[in-house]
Amino acid sequence: MKTKDELIDDLLSLAFAEDIGDGDHTTLSTIGPDAMGKQHLLIKEEGIIAGVDIARKVFAKFDPTLKMTVFIEDGTHVRPGDIAFVVEGTVRSLLQTERLMLNIMQRMSGIATVTARYQERLAGLPCKVLDTRKTTPGLRMLEKEAVRIGGGSNHRIGLFDMILIKDNHVDFAGGIAAAVERAKAYCKENGKDLKIEQEVRNTDEIRQAIAAGVDRIMLDNFDPERTAEAVRIIRAEAPGVEIESSGGITLDTLRSYGEAGVDFVSVGALTHSVKGLDMSFKAC
């Protein structure tokens, strides 16, 4: 299995291939090969900056001679007018890396900014906001990194690092008990040390999940009142089991779930419908 760094390198290779193709003919035809210049990243909207480390990789991969001077690191609260970094080198390289770097940083910063807003709603509570697998294909490592930069936490990265038994698995497997038993047997047979999480839809399924011995219970589409009752049951009958709320939870309703006593709230909106943070890369 590829490492995170290898996946990011593959992503950058694909991104450059789809953008530049057989050459940036506008730049190649208008800018001489020896022209040198300098550009800065200008912040134009308040938020949390994310993607500075990835920008370093973008510039280094395309042209290792580019010199990047960073003034603002990932996770910093930025405002319009802030200069995050300056890059010096050949003008051709600056122009050909500009759009990919901006695409990545605007999206990551948008995700980090939204995540910070969600986590702020849980201030004073032990509850953590989680992302989901509702990410842009190919960009998951970057988007989940942006969630961490914004103060949130990652759920599973993919299908490989945790077992999450959902309603379809249960229905095909013949029930919660059968699904969990098979999952435990599979892990043992294949030498996997994976947490097992069970999605539940009602109190009966909560008790089935407890009896099956899962590590975490996901309360799917419970309202805050039902969530509070579910938490009381789980804490009384299985105090070591983690509890997660999921399904249609918004910024306005988030705190009520945290106050109900869950450990985690997963929010697909952190990554699936985020507006990028406004910024530009201009000559200076």
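For the cross-link pairs Lys4/Lys134; Lys2/Lys188; Lys134/Lys195; Lys38/Lys134; Lys128/Lys192, which exceed 30 Å when the distance is taken from alpha carbon to alpha carbon?
Numbers: Lys4/Lys134 18 Å; Lys2/Lys188 23 Å; Lys134/Lys195 20 Å; Lys38/Lys134 37 Å; Lys128/Lys192 26 Å.
Long pairs (Cα-Cα over 30 Å): Lys38/Lys134.
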Requested in this report: Would you work out if region 9-119 is rounded, prolate or oblate? Take a ≥ b ≥ c from the square roots of the eigenvalues of the alpha-carbon gyration tensor; rounded if a/c is under 1.5, else prolate when a/b is larger than b/c, oblate otherwise.
Outcome: prolate
Query - Gain on full stretching of the segment that runs from His25 to Ile83 - 0.36 nm per residue minus C-alpha separation - result: 17.9 nm
Query raised in the report: To the nearest 0.05, what FRET efficiency results for Ala211 and Ser153 with a Förster distance of 35 Å applied to their C-beta separation?
Result: 0.80
Report task. Sort all Cα-Cα distances of region 60-102 into consecutive 10 angstrom bins from zero, then give the percent of pairs in each bin up to the one containing the longest distance. Result -> 24, 52, 24, 0
Requested in this report: Restrict the search to region 1-58; then list the trypsin sites (Lys or Arg not before Pro) that DSSP places in a loop and that have at most 16 other Cβ atoms within 10 Å of their Cβ.
Outcome: Lys2, Lys44
**Report entry** Kirkwood estimate for the chain, i.e. one over the average of 1/r between Cα atoms, Å
**Finding:** 21.0 Å
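I'd like the antiparallel share, as a percent to the nearest 5, of DSSP beta bridges with both residues in the chain.
Working: 17 of 35 bridges.
Of those bridges, close to 50 percent are antiparallel.
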Report summary line: Most fluctuating of Asn221, Asn103, Asn168 in the GNM of the chain (C-alpha, under 10 Å) is Asn168
Query raised in the report: Which distance in nm do the two modelled labels at Asp204 and Ile72 give, with both placed 7 Å along the Cα-to-Cβ direction?
Result: 5.5 nm
Requested in this report: Calculate for the chain the 222 nm mean residue ellipticity that helices alone would give, adding -39,500 (n - 2.57) per DSSP H run of length 4 or more and normalising by residue count, nearest 500 deg cm²/dmol.
Outcome: -14500 deg cm²/dmol
Report task. Any aspartates and glutamates with Cα under 18 Å of the Lys44 Cα? List them, leaving off those in the same chain fewer than 8 positions away. Result -> Glu73, Asp74, Asp82, Glu98, Asp278
**Report entry** Whole-Hz ³J(HN,Hα) from phi, Karplus 6.51 cos²θ - 1.76 cosθ + 1.60, for region 171-181, glycine and proline x
**Finding:** 5, 6, 7, x, x, 5, 4, 5, 5, 5, 4
Query raised in the report: Using a 1.4 Å probe, what is the accessible area per residue for the chain, in Å²?
Result: 49 Å²
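Quick check on region 151-284: take the gyration tensor over C-alpha atoms, sort the square-rooted eigenvalues as a ≥ b ≥ c, and tell me if it's rounded (a/c under 1.5), prolate or oblate. Provide the component values of the computation, followed by the final result.
Details: a/c = 2.46, a/b = 1.46, b/c = 1.68.
Here region 151-284 falls in the oblate category.
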Requested in this report: With a 1.4 Å probe and every protein chain kept in, tell me what percent of the accessible surface of the chain is carbon plus sulfur.
Outcome: 52 percent
Query raised in the report: For region 1-43, rounded, prolate or oblate, judged on the Cα gyration tensor with a ≥ b ≥ c (square roots of eigenvalues), a/c < 1.5 rounded, else prolate if a/b > b/c?
Result: oblate
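Could you compute the FRET efficiency for Leu7 and Glu259, with r as their C-beta to C-beta distance and R0 at 30 Å, rounded to 0.05? If you can, show how the numbers build up before the last one.
Working: r = 37 Å, r/R0 = 1.25.
Using R0 = 30 Å, I get an efficiency of 0.20.
Taking each pair of different alpha-carbon atoms in region 76-154 once, compute 1/r for the pair, average those values, and report the inverse of that mean as the Kirkwood hydrodynamic radius in Å to one decimal.
Values: mean 1/r = 0.0699 Å⁻¹.
The Cα-based Kirkwood calculation yields 14.3 Å.
The values are calculated or read from the model by the stated rules, or taken from the named source; none is laboratory data. Just so it is clear, the structure is predicted and the values come from calculations on it, not from any experiment. With ideal geometry, Cβ positions are generated from the backbone for all residues, glycine too; neighbour counts draw on all protein chains shown. Accessible surface areas use protein heavy atoms only, side chains included; no ligands, DNA or RNA. Shrake-Rupley method; radii C 1.70, N 1.55, O 1.52, S 1.80 Å.
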